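See structure below.
The values are calculated or read from the model by the stated rules, or taken from the named source; none is laboratory data. Computed from a prediction, not measured in an experiment: that's the story for all the values here. Cβ sites come from the backbone with ideal geometry, for glycine too, and all protein chains shown count toward neighbours. Just the protein is used for accessible areas: all its heavy atoms, side chains included, with ligands, DNA and RNA removed. Shrake-Rupley method; radii C 1.70, N 1.55, O 1.52, S 1.80 Å.
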Amino acid sequence: MTYVKACALSELEENTPKRVELDGTPVSLVRAEGEVFAINDICSHANVSLSEGEVEDCMIECWLHGSSFDLRTGKPSGLPATRPVPVYPVKIEGDDVLVSLTQES
């Protein structure tokens, strides 16, 4: 698995999404509950940026229609979204947040 540097860990605020682009793929990074998660930044329902939404209880909410996605699995918690969004493996090395674009789900 190949990891690329996405940002510095110190750039991530708790429960505040940060959008990055890795090899042309939009990714939302979220520091929540002591972990860092990487989820595809595009809502599977409306093609809008998830990083503009709010995070609570390891869920990121799409600001446009209110669908929430689990940061661990990418699965939506309810309508209108019915399809999950990809999540990506993350590892921390020092202050570097590294992400692999190999999908976990």
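Of the conditions (1) out of contact with any strand residue (DSSP E or B) (no Cβ under 6 Å at 6 or more places or on another chain); (2) modelled with pLDDT of 95 or more; (3) open to solvent by 30 Å² or more (accessible area, probe 1.4 Å); (4) not aliphatic (A, V, I, L, M), Pro76 clears all except one; give me its number.
That leaves (1) as the condition not met.
The conditions are (1) open to solvent by 30 Å² or more (accessible area, probe 1.4 Å); (2) of a type in the set (A, V, I, L, M); (3) modelled with pLDDT of 95 or more, and Val99 fails exactly one of them. Which is it?
Against the list (1) open to solvent by 30 Å² or more (accessible area, probe 1.4 Å); (2) of a type in the set (A, V, I, L, M); (3) modelled with pLDDT of 95 or more, Val99 comes up short only on (1).
Can you pull out the residues in region 38-48 that are closer than 22 Å to Glu11 by Cα and either assigned to a loop (DSSP other than H, G, I, E, B) or open to solvent by 20 Å² or more (accessible area, probe 1.4 Å) (or both)? Give the steps one after another, and end with the answer.
The initial filter retains those residues of region 38-48 that are closer than 22 Å to Glu11 by Cα, namely 38-42.
Selection gives Asn40, Asp41, Ile42.
State yes or no: is Ser44 small (Gly, Ala, Ser), touching an Asp or Glu at 6+ places or on another chain (Cβ under 9 Å) and modelled with pLDDT under 95? Spell out how you get there, then give the answer.
Working: small (Gly, Ala, Ser): yes; touching an Asp or Glu at 6+ places or on another chain (Cβ under 9 Å): no; modelled with pLDDT under 95: yes.
No; evaluated as a whole, the condition is false for this residue.
Find all pairs meeting these conditions: Cβ atoms under 6 angstrom apart; at least six residues apart or on different chains; first residue within region 1-25 and assigned to a helix (DSSP H, G or I); second residue open to solvent by less than 30 Å² (accessible area, probe 1.4 Å).
Matching pairs, first to second residue: Leu9/Val97.
Please go through region 55-73 and give me each residue that is open to solvent by 90 Å² or more (accessible area, probe 1.4 Å), in contact (Cβ under 8 Å) with a residue 12 or more places away in the chain and charged (D, E, K, R), ordered by number.
Result: Glu56, Arg72.
Out of all the residues in region 79-93, which are surrounded by 20 or more Cβ atoms within 10 Å (Cβ to Cβ) and of a type in the set (Ser, Thr, Tyr)?
If the condition is that a residue be surrounded by 20 or more Cβ atoms within 10 Å (Cβ to Cβ) and of a type in the set (Ser, Thr, Tyr), then Tyr88 is the only one that fits.
Within region 74-89, track down each residue that is in a strand (DSSP E or B) and without any contact (Cβ under 8 Å) to a residue 60 or more places away in the chain. Explain how you work it out, then say what you get.
Quick first cut of region 74-89, residues in a strand (DSSP E or B) only: 76, 87-88.
Listed by number, the residues that qualify are Pro76, Val87.
Given the options Asp70, Asp57, name the one that is within 18 Å of Thr16 (Cβ to Cβ), of a type in the set (Asp, Glu) and over 12 Å from the mean Cα position of the chain (by Cα).
Numbers: Asp70 fails: over 12 Å from the mean Cα position of the chain (by Cα).
The conditions single out Asp57.
Please enumerate the residues belonging to region 1-30 that are open to solvent by 60 Å² or more (accessible area, probe 1.4 Å) and among the small types (Gly, Ala, Ser).
Ser10
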